[in-house]
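Enquirer: Can you read through this structure? Questions will come right after.
The values are calculated or read from the model by the stated rules, or taken from the named source; none is laboratory data. Predicted, not measured: the structure shown is a model, and the values here were computed from it. Neighbour counts are summed over all protein chains in view; Cβ atoms, including those assigned to glycine, are modelled from backbone coordinates with ideal geometry.
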Amino acid sequence: MKVGDSVRYSLDHWDRQEWEPAMLHACNAVDGTGKKRYPKKGVGDRFKSAIRDSMEVMAILGIPGIDLDKTRFPLRVRSDLPDKRPDVADVIYGIHRCSHGHGDELPDGFELTPYKNRSGVHEYSFENETARFPASVVLGLLAIAVFAPENVGQVVPTGYQLSWRDWVYPIGEWWGREQDFLDQMSGMEWIRVEMNWTDWWDDWEPIGGKR
């Protein structure tokens, strides 16, 4: 499937507040982007690499308020990072991409919290071994795909767009323009917190190796 079609289908579900299918197609858009950028990498590696390449985009549009570069999550998710502690790319791939990609139900405790349009409110819910991200993570994934240079020339019908506060980004005009987006955001001041899970790490064990 073309990346542009995945973006369009995701936004169609988004408009109907159907968060899980919106997430499925957003993940497909990132996967298609990663495949173009890293054709020799495996599915998980290229998917997570595409997210990590654009972590700032995700931090602005998808998961605001959390320092995504530093935060690790004490979850039962496989990580390819040196310390084996999962970052947000590991969580999105290991929980959402793999569940939807294999036709499985999303595990309890990982549902997306509803998006309140224009309210400026992003709801998170973290409990031991679970993490509910705001549904805006879908928009972050879509922005990663739309702004990727590899996707210049993709097509969506007129009227499809992303937005942030008062800025609107018609998708047909913003393929491949990640640097333009980051330049526009460069003067902003962000409050981002590195999450501290305290004793939640005590019983955590990495998947696929020792700590």
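Enquirer: Among the residues of segment 179-203 satisfying the criterion of being of a type in the set (D, E, K, R) and within 30 Å of F126 (Cα to Cα), which is surrounded by the most Cβ atoms within 10 Å (Cβ to Cβ)?
Expert: Applying the filter and picking the extreme gives R192.
Enquirer: Also, quick follow-up: Quick check on my filter: what residues within segment 147-168 are surrounded by 15 or more Cβ atoms within 10 Å (Cβ to Cβ) and either in contact (Cβ under 8 Å) with a residue 24 or more places away in the chain or in a loop (DSSP other than H, G, I, E, B) (or both)? Working first, answer last.
Expert: Just the residues of segment 147-168 that are surrounded by 15 or more Cβ atoms within 10 Å (Cβ to Cβ), to begin with: 147-148, 150-151, 154, 156, 160-162, 164.
Hits for segment 147-168 are F147, A148, E150, N151, Q154, V156, Y160, L162, W164.
Enquirer: Cβ-Cβ distance below 6 Å, separation of 6 or more or different chains: which pairs start in segment 77-88 with a residue that is closer than 15 Å to W200 by Cβ and end on one that is in a loop (DSSP other than H, G, I, E, B) and among the hydroxyl-bearing types (S, T, Y)?
Expert: Sorted first by the residue in segment 77-88, then by its partner, the pairs are P86/S79.
Enquirer: What number of residues within segment 176-202 satisfy the criterion of being more than 16 Å from I60 (Cα to Cα) and free of Cβ contacts under 8 Å to residues at least 60 places away in the same chain?
Expert: 5
Enquirer: Report whether or not V91 is in a loop (DSSP other than H, G, I, E, B) and hydrophobic (A, V, I, L, M, F, W, C).
Expert: no
Enquirer: Let me ask something else. It is to be established whether one or more residues within segment 94-110 are at pLDDT 90 or above, assigned to a helix (DSSP H, G or I) and surrounded by fewer than 18 Cβ atoms within 10 Å (Cβ to Cβ).
Expert: Scanning segment 94-110, I find at least one residue that is at pLDDT 90 or above, assigned to a helix (DSSP H, G or I) and surrounded by fewer than 18 Cβ atoms within 10 Å (Cβ to Cβ), so the answer is yes.
Enquirer: Testing W190 on (1) within 20 Å of A29 (Cβ to Cβ); (2) at pLDDT 90 or above; (3) in a loop (DSSP other than H, G, I, E, B), one condition comes back false. Which one is that?
Expert: (1)
Enquirer: In segment 66-98, which residue that is of a type in the set (V, I, T) and in contact with a helix residue (DSSP H, G or I) (Cβ under 9 Å, 6 or more places away or on another chain) is nearest to V30 (Cα to Cα)? Walk me through how you get there before you give the answer.
Expert: Residues of segment 66-98 that are of a type in the set (V, I, T), as a first pass: 66, 71, 77, 88, 91-92, 95.
Of the ones still in play, those that are also in contact with a helix residue (DSSP H, G or I) (Cβ under 9 Å, 6 or more places away or on another chain) are 66, 71, 77, 88, 92.
Values: I66: 21, T71: 21, V77: 19, V88: 14, I92: 11 Å.
Among those that are of a type in the set (V, I, T) and in contact with a helix residue (DSSP H, G or I) (Cβ under 9 Å, 6 or more places away or on another chain), it is I92.
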